[in-house]
Amino acid sequence: MKRETLFLKVAVFLIGLPILALCIFGLPAIAKEAAEHYPAYWLYPLFTVMYVSAIPFFIALVQAFRLLSYIDKNNAFSELSVRALKIIKYCAVAISMLYAAGMPLLYLIAEKDDAPGLIVLGMVIVFASIVVAVFAAVLQKLLKNAIDIKSENDLTV
């Protein structure tokens with residue numbers, strides 16, 4: 001295993017740990033506290049969005065880990081890498097759409113508490129996911145072009 005990718009693999013793993021801890025310990029505690037102040041028909045959809053968005057997040061982390069494994073095996077310029085970037089892009093778009101769909105509920109909660117920072121936090125998640133999706137799409141396109149150029153050069157005598 002290469003040293004550079006080992007650091008990145010550890011970083012990917014460490015990115016996933018706080019989100020897993022938040023899903024297991026943090027969100028139930030927040031839900032318990034929020035249930036005392038807000039109606040259930042606001043909270044259930046909002047917490048559903050949060051839990052469901054963890055699924056594409058972890059799928060994207062697994063794909064990032066696979067991408068680093070392809071780099072280790074000197075297989076970075078392959079269709080497998082393009083596919084991994086494509087899945088990461090779709091996961092980022094899914095997270096962005098989920099949180100954008102939950103924004104009206106977040107608005108209701110922020111309006112009741114007079115806390116406009118809550119809406120900003122939701123928008124940061126939406127826009128950060130869009131940035132990841134655009135970055136993955138650009139890398140996917142560049143990698144696809146590099147693979148095409150490489151295969152064209154391999155066919156040239």
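In a reduced charge model with +1 at each Lys and Arg Cβ and -1 at each Asp and Glu Cβ, the chain shows a dipole moment near 580 debye about its Cα centre. Treating r as the C-beta distance of residue 32 and residue 146 and R0 as 35 Å, the FRET efficiency rounds to 0.10.
Using only the Cα atoms of segment 25-97, build the gyration tensor, take square roots of its eigenvalues as a ≥ b ≥ c, and label the shape rounded, prolate or oblate: rounded if a/c is under 1.5, else prolate if a/b is larger than b/c, else oblate.
Values: a/c = 7.30, a/b = 3.01, b/c = 2.42.
Judged from the Cα gyration tensor, segment 25-97 comes out prolate (a/c at least 1.5, a/b above b/c).
Projected over all directions and averaged, the alpha-carbon convex hull of the chain occupies 10.5 nm².
Subtracting the Cα-Cα distance of residue 69 and residue 13 from 0.36 nm times their residue separation leaves 18.8 nm of extension gain. Neighbours of residue 10 by Cβ distance under 13 Å: Lys/Arg scored +1, Asp/Glu scored -1, total +2.
Hey, what's the chain come to in accessible area per residue, 1.4 Å probe, Å²?
65 Å²
In units of 2.2 N^0.38 Å, what is the alpha-carbon radius of gyration of segment 59-148? Could you put the intermediate results ahead of the total?
On the way: Rg = 16.9 Å, N = 90, 2.2 N^0.38 = 12.2 Å.
It is 1.39.
The values are calculated or read from the model by the stated rules, or taken from the named source; none is laboratory data. Since the structure is predicted, the reported quantities are computational estimates derived from the model, not experimental observations. Backbone-built Cβ (ideal geometry, glycine too); neighbour counts: all protein chains shown. Surface accessibility is based on the protein's heavy atoms, side chains included, excluding ligands, DNA and RNA. Shrake-Rupley method; radii C 1.70, N 1.55, O 1.52, S 1.80 Å.
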